[in-house]
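Trainee: So that we are looking at the same thing, I have put the structure below in structure tokens.
The values are calculated or read from the model by the stated rules, or taken from the named source; none is laboratory data. These numbers were taken from a predicted model, which means no experiment stands behind them. Neighbour counts run over all protein chains shown; Cβ positions are idealised from the backbone, glycine included. Note: accessible area is taken over every heavy atom of the protein model, side chains too, but ligands, DNA and RNA are not part of it. Shrake-Rupley method; radii C 1.70, N 1.55, O 1.52, S 1.80 Å.
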Amino acid sequence: MKQLTGRDLLGTADLSTAEIMGILKLARQLKSHELELKCNKVLGLLFYKASTRTRVSFSVAMYQLGGQVIDLNPSVTQVGRGEPIKDTARVLDRYLDILAIRTFAQADLETFANYAQIPVINALTDLEHPCQILADLMTVEECFGSLEGKTLTYLGDGNNMAHSLLLGGALTGLNVRIAAPKGYEPDPEIVKQAQAIAEGKSEIVVTQDAIAAVENAQVVYTDVWASMGQEELADQRIPVFQPYQVNSQLLSHADTNAIILHCLPAHRGEEITAEAIESDRSRVWDQAENRMHAQQALMASLLGLV
Ligand code: CP
Ligand code: NVA
């Protein structure tokens with residue numbers, strides 16, 4: 001994995017198939033304690049949006065490696081008062097070993113990465129959530145033994161999660177079906193990119209038909225209908241997205257062994273029913289745990305520990 005040393009992870013397709021599979025293998029070894037890695041590195045967390053899982057899983061993963069974490073909350077650092085990103089990035093570069101950023105515009109993340117030499121990780125932008133996808137793929141692999149030929153159906157908003165699932169699935173041979181209402185489809189450029197990557201290996205489909213999309217799927221995945229920054233649109237979206245709710249009726253069309261995933265936080269009664277998320281099919285807590293193992297493997301790779 002030495003080829004990952006010093007690199008950034010700004011989007012899922014920054015990684016090759018072999019690199020994703022290598023990170024997943026390392027994550028499994030770290031989770032099972034077959035391997036223990038140590039370092040004396042400092043991770044910075046610069047989050048412009050709320051976070052429970054990403055913040056805590058990155059922190060614990062770094063503490064377990066023996067490193068330190070600094071929370072660079074923008075509301076108490078100068079970047080939140082208008083210090084240019086390019087200045088902040090060059091300064092943080094001199095202090096930190098690795099930096100995870102959660103922000104709105106992908107372009108801001110890219111500016112950080114352009115001005116900081118240290119590895120910069122996308123901890124969620126409006127465009128993508130690649131760290132989540134590493135944990136999702138790890139969870140699917142744990143449940144089914146492999147990714148190739150399995151079908152993951154994502155229902156709801158064609159958002160950052162949909163984009164990263166499209167690319168992550170395409171890179172690993174997982175069929176990805178996105179069922180989204182008209183006007184809420186994923187970015188057509190990302191769909192095209194995923195289809196080009198997947199060509200001859202897996203199937204990438206975007207449809208408005210939720211039932212057809214779930215037919216025989218092994219993984220049924222959903223996310224909030226209004227992402228962070230879109231809170232004021234939440235109410236008007238509810239009736240539009242209702243046919244895409246993950247509930248027992250929709251799940252009856254999936255494979256008999258189908259699992260349910262959700263990146264969380266979940267809104268019970270909106271994108272998923274309480275019954276579905278609490279059911280035997282739900283793997284959301286394993287999925288959330290795997291954030292920690294997958295990101296420990298990712299950081300170890302970018303820091304050149306393996
Ligand atoms: N899934 C996820 O990224 O959760 P947080 O927003 O809590 O980090
Ligand atoms: N699409 C959601 C994902 C949260 C982890 C958001 O961006 O708010």
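Trainee: With the requirement that a residue be in a strand (DSSP E or B) and open to solvent by less than 10 Å² (accessible area, probe 1.4 Å), what does the range 205-227 give you?
Mentor: Selection gives Val219, Val220, Tyr221, Thr222.
Trainee: Say we look at the range 109-140 and pick out the residues that are away from ligand 1 (no atom under 16 Å from the Cβ) and in contact with a helix residue (DSSP H, G or I) (Cβ under 6 Å, 6 or more places away or on another chain); which of these is most open to solvent (accessible area, probe 1.4 Å)?
Mentor: In this case the residue turns out to be Gln117.
Trainee: Now for a different question. Can you tell me how many residues within the range 229-277 are open to solvent by 50 Å² or more (accessible area, probe 1.4 Å) and under 18 Å from Leu165 (Cβ atoms)?
Mentor: Matching residues across the range 229-277 total 1.
Trainee: Search the range 95-108 for residues being assigned to a helix (DSSP H, G or I) and without any contact (Cβ under 8 Å) to a residue 40 or more places away in the chain, and hand back the single one that is farthest from ligand 1 (Cβ to nearest atom).
Mentor: The extreme case among them is Ala107.
Trainee: Does the range 26-42 hold any residues that are open to solvent by 70 Å² or more (accessible area, probe 1.4 Å) and either in contact (Cβ under 8 Å) with a residue 24 or more places away in the chain or within 16 Å of ligand 2 (Cβ to nearest atom) (or both), and which are they?
Mentor: Those that are open to solvent by 70 Å² or more (accessible area, probe 1.4 Å) and either in contact (Cβ under 8 Å) with a residue 24 or more places away in the chain or within 16 Å of ligand 2 (Cβ to nearest atom) (or both): Arg28, Lys38, Asn40.
Trainee: Please state which of the following conditions Leu45 fails to meet, knowing it meets all the rest: (1) touching a strand residue (DSSP E or B) at 6+ places or on another chain (Cβ under 6 Å); (2) within 25 Å of Leu165 (Cα to Cα); (3) open to solvent by 60 Å² or more (accessible area, probe 1.4 Å).
Mentor: Among (1) touching a strand residue (DSSP E or B) at 6+ places or on another chain (Cβ under 6 Å); (2) within 25 Å of Leu165 (Cα to Cα); (3) open to solvent by 60 Å² or more (accessible area, probe 1.4 Å), the lone unmet condition for Leu45 is (3).
Trainee: Restricting attention to the range 43-80, and to residues there that are part of a strand (DSSP E or B) and among the β-branched types (Val, Ile, Thr), which single residue is farthest from ligand 2 (Cβ to nearest atom)? Let's see the steps before the verdict.
Mentor: Applying the first criterion (part of a strand (DSSP E or B)) to the range 43-80 yields 43-47, 68-71.
From what's left, among the β-branched types (Val, Ile, Thr): 69-70.
Working: Val69: 20, Ile70: 22 Å.
Taking the candidates together, the pick is Ile70.
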